[in-house]
Structures are given as structure tokens and as C-alpha cells.
Amino acid sequence: MNRSEIESASRRIGAGKKAFLRQTPLWKLPGSALGIHCAEVWLKLEHLQVGGSFKARGMLNRLLANPMPDSGVIVASGGNAGIATAAAARSLGVACEVFVPEVSPEAKRARLRDLGATVVVTGASYAEAFEACVARQQQTGALMTHAYDQPEVVAGAGTLAQEIEAQGGRAPDSALVSVGGGGLIGGVAAWFEQRCRVVALEPEGAPTLFRAREAGQPVDVAVGGIAADSLGARRIGDIAWAVTQQHVKDALLLPDDAIAAAQHWLWKEMKLAVEPAAALGLAALQTGAYRPRADETVALILCGANLDPAKLA
């Protein structure tokens, strides 16, 4: 995965999106506005993307880059990748089947149905839903989209970093990126390379990259906690592993209570309704897990908004 592949994805998406994707805002704030001792914080409001998450970029790229069978597309997802695939499929007029684990919230399942997808709820975890999805794909021949570990999906996610740099006029000094299976950080780190300090952030209950680094290779981990529906991959993706080995030095773990506090702060103080996975960057700053320099510009990617709004009350 490299900048050339991301540029190709950007051209493909630009030519084929038919007004599907949005250029989401980049909100530049002084660090003091968030109580952070740094020069600027850039909030990339990607939760305003079609489907409510960054994943629409990669899924559209995957669909446009491959021949489409009559059976349409199929995906296993904790919710966001499925929503993105379903939205992209609807924009292209093709059928979509989504396998979700039992841990997925009903709000995400309802959204999938609203988008016209056939929803199959199976398995206690994403990994079990994925196994069932693979078996179904072998029966139907549908185009499989992976939530995070396909080149087209990771390259599509990388267009988000490309967009941040274009909107900011330069690369930020650092970018704090939430990690599940690693599609987002794989694309972001591949775009920024060494021009920006990319920091990987995971909940303590879903430490896929952190445990892989301890083991020296991707390994299966038990997952759970506040962000398991979107950051609940059991193993870091091979693409993300390779990219982060080359371009990402720091991998940090954050407790659920800090993630929840940051999520509620974003709603209370900024009126930004985001899911827990989108709050890890702010949680890292608020807890001091990541301490920026006084002159640093830090980019936070608010990566998703598929949540039950009642939980912010």
C-alpha cells in the first residue's frame, strides 16, 4: 500500500462517485478550545460522510474496481463497513447482503435495512459473522468486500488523509487514528508516510495492533468493551500490519471510561454526536496518553457516527 495506490483510488472514486461521497469538513481549532496544550487541533468530521463513517470511501472503491456479479455484494461487519457497503451498493443499483454479529447495535441494523440490505445476524463476534459470510459468498458468488483488509478498501481509506492534507494546506504534525482491523490507519499511514507522526489508538478491550506488536506478528485477541461494535476485529489486518510496521511508531491503549468521557465531551461541548470509536483521539489527549508539543498541530479523525443518540443523554 502506497501513495500511488491511494491516488488511483481517489481518481476512481472521483470519476465514479456520482455525487455519492462527501468532502467532509476539516475544523481547525486552537488547542486551547479543547483544553489541550498545543498549537492547533484539526477535527476531520468524517462522521458526516455518507453512511456515517469513513468506510464509504473504501467500499465504493472496492465496488468500482471490480466486475459486479448478478448476485451483488456481500460483507461481514460490526456495522459501519456494512452500512458503507450497502450505501455504495444502493448508489450503484446492486444487491447487498450483510452479516453482522450479535454484539452489533440495533441502530446499525436498522440503518442497514433502511439502505435496502439483507441483514443476517449471526455469531457472538465479528470473526464468527465473517466465517458465516464467507460460506454464503461461496454459495452465491457475490463480490466480497472486507471490512478492512483489501487493497481497494485500505486505499479508499487513504483518500481521507489525502483530503486532510489538501484542506489543511499541509500535512499535520501528528494524526491520532483509531484502530480496529486497521483499514483506516493503513490508509492514513500509507499516505502520510514519514511526513506526519501517525499514532495508533485502541481500546484496552480490543488491542489487536498492540498485542501483534508484543508478539511480533498478527495474533488473535479477545475483544470487548465500549467500542467493540466498530473496533472489534479479532486480528489486525495483514495490510495494516505491514504499513504500520513501516510508518507507525506509537501504539497506545485507552480505557473505556476515558473513551466514554471524550465521546460525551464532544457532544456536550461541541455538539458532535460520534460513536465511541471516533472519540479515542480526544481521549488520548485528555488523559495525557499522547502529549503533543506546544507548537504541534494534531489531527483527530472523527471516524463514525453510527450510535444510539439516547446514549449521549
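Identify the residue in the range 3-34 that is modelled with pLDDT of 95 or more and assigned to a loop (DSSP other than H, G, I, E, B) and, among all such residues, is nearest to Ala110 (Cα to Cα). Within the range 3-34, the match that is nearest to Ala110 (Cα to Cα) is Thr24. For the condition modelled with pLDDT of 95 or more and assigned to a helix (DSSP H, G or I), Gln245 qualifies.
Would you mention how many residues in the range 167-181 are at pLDDT 95 or above and in contact with a Leu (Cβ under 9 Å, 6 or more places away or on another chain)? Count: 7.
So that you can scan it fast, the table gives a plain yes or no per residue for (1) over 22 Å from Ser10 (Cα atoms); (2) under 19 Å from the mean Cα position of the chain (by Cα):
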site	(1), (2)
Glu163	no, yes
Gly180	yes, yes
Leu184	no, yes
Ala189	no, yes
Glu214	yes, no
Ala227	yes, yes
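A residue that is farther than 28 Å from Val219 by Cα and surrounded by 17 or more Cβ atoms within 10 Å (Cβ to Cβ) occurs nowhere in the range 145-153. Annotation: of all residues in the range 224-250 being charged (D, E, K, R) and over 21 Å from Glu152 (Cβ atoms), the one that is surrounded by the most Cβ atoms within 10 Å (Cβ to Cβ) is Asp229. Taken over the range 251-289, residues that are on the phi < 0 side of the Ramachandran plot, in a loop (DSSP other than H, G, I, E, B) and surrounded by fewer than 20 Cβ atoms within 10 Å (Cβ to Cβ) amount to 3. Could you grab me the full set of residues in the range 270-290 that are without any contact (Cβ under 8 Å) to a residue 24 or more places away in the chain and touching a helix residue (DSSP H, G or I) at 6+ places or on another chain (Cβ under 8 Å)? Answer for the range 270-290, where residues must be without any contact (Cβ under 8 Å) to a residue 24 or more places away in the chain and touching a helix residue (DSSP H, G or I) at 6+ places or on another chain (Cβ under 8 Å): just Ala279.
The values are calculated or read from the model by the stated rules, or taken from the named source; none is laboratory data. Keep in mind that this is a model prediction, so the values were computed, not measured. Ideal geometry is used to build each Cβ from the backbone, glycine not excepted, and the neighbour counts take in all protein chains shown.
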